[in-house]
1. What are the residues in segment A:102-119 that are touching a Ser or Thr at 6+ places or on another chain (Cβ under 9 Å) and either within 18 Å of A:Ile367 (Cβ to Cβ) or without any contact (Cβ under 8 Å) to a residue 12 or more places away in the chain (or both), if any?
2. Within segment A:34-48, track down each residue that is within 14 Å of chain B (Cβ to nearest Cβ) and either in contact with a Cys (Cβ under 9 Å, 6 or more places away or on another chain) or part of a loop (DSSP other than H, G, I, E, B) (or both).
3. Which fully enclosed helices (runs of 4 or more DSSP H) of segment A:288-392 have 2 or more residues being in contact with a Phe, Trp or Tyr (Cβ under 9 Å, 6 or more places away or on another chain) and within 14 Å of chain B (Cβ to nearest Cβ)?
4. What residue, of A:Cys283, A:Cys361, is over 30 Å from A:Asn495 (Cβ atoms) and over 28 Å from the mean Cα position of the chain (by Cα)?
5. Based on this model, can you work out whether A:Asp13 counts as out of contact with any Gly (no Cβ under 7 Å at 6 or more places or on another chain), in contact (Cβ under 8 Å) with a residue 60 or more places away in the chain and of a type in the set (D, E, K, R)?
6. What pairs come up if the first residue lies in segment A:123-148 and is closer than 15 Å to A:Thr163 by Cα, the second is buried (at least 24 other Cβ atoms within 10 Å of the Cβ) and of a type in the set (Phe, Trp, Tyr), and their beta carbons are under 7 Å apart, counting only those six or more places apart or on different chains?
7. Looking only at segment A:450-463, decide whether some residue is more than 22 Å from the chain's Cα centre (by Cα) and not in a strand (DSSP E or B).
8. Given the criterion modelled with pLDDT under 95 and either of a type in the set (Asp, Glu) or not assigned by TED's automatic domain parsing to the domain that holds A:Tyr31 (or both), identify the matching residue among A:Gly368, A:Gly422, A:Gly414.
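The values are calculated or read from the model by the stated rules, or taken from the named source; none is laboratory data. No experiment lies behind these values; they were computed from the predicted model shown. When we count neighbours, we look across all protein chains shown, and the Cβ atoms used for this are built from the backbone with ideal geometry, even at glycine.
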Amino acid sequence: MDDTTDRQLLNGDEAIALAARDAGVALGTGYPGTPSTEILEAFSALGGHAQWAPNEKVALEVGLGAAFAHARALVTMKHVGLNVAADPLFTVAYTGVEGALIVAVADDPGMASSQNEQDSRRYAVAAAIPVLDPADSQQAYDFTALAIEISERWRIPVMLRITTRVSHSKSIVTRRELPKPAAAPHYVRDASLRVMVPGNARRAHVRLREKLEQIRIWAEQPGHGTLLHAAVVRPDNRGIVAGGIGVAHAREAAPASDVLQVAMPHPFPAAAVRAFAAAHAACTVVEEGDPVLWEACRLADVTVPPAPAVYRFGELSVTRVRRLLAGETAPEPPPPAGKPPQLCAGCPHRAAFELLRDRHCIVSGDIGCYTLGVMPPYQAIDTTVCMGASISAGLGLRHALPPAEARRVVSVIGDSTFVHSGLTGIVEMVYNPPPTGHIVLILDNGTTAMTGLQEHPATGRTLAHQPAHKMIIEDVVRAIGVPNVLVVDHVADGNALAAALDRAQADGGLWVIVARRPCLLAAAKIKQYATPAA
Amino acid sequence: MKTVNIVIAGLGGQGIVKASDILADAAFRAGHDVKKAEVHGMSQRGGSVNTDIRYGSQVLSPMVPDGEADVLVTMDVTQIENNRYRLKPDGKLLSSECLKDFEHGPARAATVAMLGVLSACLDLPEDAWHAAIRGALPEKHHAMNLAAFAAGRHAGIAAQSSGRP
């Protein structure tokens with residue numbers, strides 16, 4: 001990717017970054033998460049102001065603040081990150097924005113690197129904001145520009161929903177001149193718009209529904225919320241209503257069918273879809289994930305058969321769309337299994353999981369590379385739910401289990417995840433300590449390893465690897481009130497972690513053990529960042 | 001022009017994604033429509049990595065449909081059988097086992113050497129390949145990788161003319 005050519009081969013994430021740059025987005029913020037991570041990395045590489053937030057809620061709040069100040073802001077996350085950011089999302093829909101607020105959310109159908117396959121289009125409906133659903137990199141570029149236009153015209157946050165095969169597929173992108181912000185950032189006071197006390201919020205909700213109605217009317221114009229891809233061979237008079245990557249698969253699987261792409265799944269451009277359906281003998285919906293378009297069609301009185309349940313799971317492909325269109329409902333043969341991922345040879349997490357396994361601990365785990373501690377030969381993780389749950393769920397286990405079993409419970413969390421959602425768990429631990437105490441093991445490898453070695457507030461470097469204030473994890477947990485805090489390098493001293501666990505398990509109080517050793521993949525880079533440029 | 005479909009399969013750390021970037025860029029430089037799909041994330045940790053590269057006058061889906069790959073390139077013997085269903089019936093399997101038959105330089109250039117072998121089966125101009133390799137790798141690694149590519153291409157052309165896969 002570069003800043004000088006007009007036609008390039010980009011993945012969807014890079015295309016979003018390029019459009020944001022071309023449109024003068026003032027601030028990009030987010031939390032890393034596959035497959036969304038590359039958006040901000042690319043935006044930074046292009047010279048944009050990009051920063052990692054401690055978590056997605058903070059990122060969205062920083063972004064909405066910028067948009068209150070008439071700036072254009074881009075906030076990025078993966079689908080499960082939107083759960084964390086849901087609180088501000090639902091109310092910034094009410095307040096609206098002055099500049100542009102684009103929430104780019106990457107779904108992971110098939111769960112290549114996620115704990116669930118929730119469909120973010122549902123959030124757009126629930127939070128009452130428009131969502132755009134691109135099918136390739138050119139559309140990722142174009143829809144980013146369109147999202148900014150809609151956000152500013154109707155003063156509403158707009159979701160840009162992408163999926164793995166849009167984020168991580170490359171296709172050709174042609175840039176164009178994009179309109180720049182009309183005004184420099186500034187503040188205009190209007191508490192009635194931005195202070196959501198009940199009196200203001202009641203009016204704001206009515207205003208929001210009026211905006212959505214106007215946007216729906218706009219979206220129903222041909223070429224706005226829907227895009228027609230006409231059949232390329234003699235038409236069979238079948239119509240396909242499709243969204244996202246499903247559009248690409250459907251066009252290939254059914255060259256004789258017209259495909260109507262629903263570019264804006266919400267607010268649903270019902271009249272446009274109804275007109276398309278009326279012009280075809282029969283219609284089928286092709287979409288990855290939840291039946292969002294199907295349900296919207298049914299509400300709009302468009303007769304479409306439900307997709308068989310098998311297509312609700314995993315990614316679509318041309319092969320699967322052919323089966324779907326042929327009406328095949330039989331379970332599909334599973335693809336041959338590949339080699340599963342594992343902790344790298346020499347990974348410092350390995351030694352930790354050997355110890356936890358050998359001590360028969362009940363391990364309340366978390367989200368990161370170390371989730372691979374569930375794989376053989378360790379099989380040393382008992383639960384993994386969401387970011388930060390290791391600590392709080394571990395406390396719940398300790399409260400509920402009889403003492404002999406409760407004492408076996410250990411919470412294991414990584415450094416980036418700890419900053420993201422572990423702090424409040426530590427507050428809970430000192431406020432409501434279980435009778436048997438608790439042990440939290442923080443595996444601090446100095447990076448957000450799983451998503452590709454991103455920085456976070458406890459590495460002491462910014463997104464662009466420049467020096468920043470460093471949050472010291474052990475100081476923070478001491479300050480919260482944890483009485484027993486140990487820091488060990490379990491690779492340099494092979495007995496250190498075992499000795500620390502011995503002490504903690506014998507004591508029965510509240511313990512945090514920080515096992516600090518840089519990720520094997522990150523260590524050389526970390527040294528390089530620490531060396532001042534010659 | 002009919003779409004050309006290639007699948008490259010290997011393990012995390014073998015440079016599979018980089019190789020697919022080079023192939024996609026070579027096809028782009030040759031003036032084709034190109035799409036490329038891959039799965040990142042977990043794949044970095046030594047697990048299976050697959051990438052699909054497609055080029056032609058108009059490419060729709062970024063993923064090669066099952067049983068439609070013209071060429072399957074495998075960088076590890078463990079990744080042949082689980083990916084064979086991607087190949088079309090008369091498709092060509094290029095296994096990295098063929099690298100044992102010729103000198104291609106250091107092991108870390110093996111994947112680029114396999115691109116050389118692959119290049120003998122494709123109709124992309126050699127200068128597009130060279131430009132793509134230069135564009136994807138730091139300058140200090142150009143000579144080594146261009147040499148590995150040339151060795152692979154030479155071996156691939158020789159194998160084609162002798163009728164071996």
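1. Within segment A:102-119, A:Val105, A:Ala106, A:Asp107, A:Asp108, A:Gly110, A:Ala112, A:Ser113, A:Ser114, A:Gln115 meet the criteria.
2. A:Thr34, A:Pro35, A:Ser36, A:Thr37
3. A:318-325, A:348-358
4. Within the list A:Cys283, A:Cys361, the selection yields A:Cys283.
5. Criteria met by A:Asp13.
6. Sorted first by the residue in segment A:123-148, then by its partner, the pairs are A:Leu132/A:Phe143; A:Pro134/A:Phe143.
7. yes
8. A:Gly368
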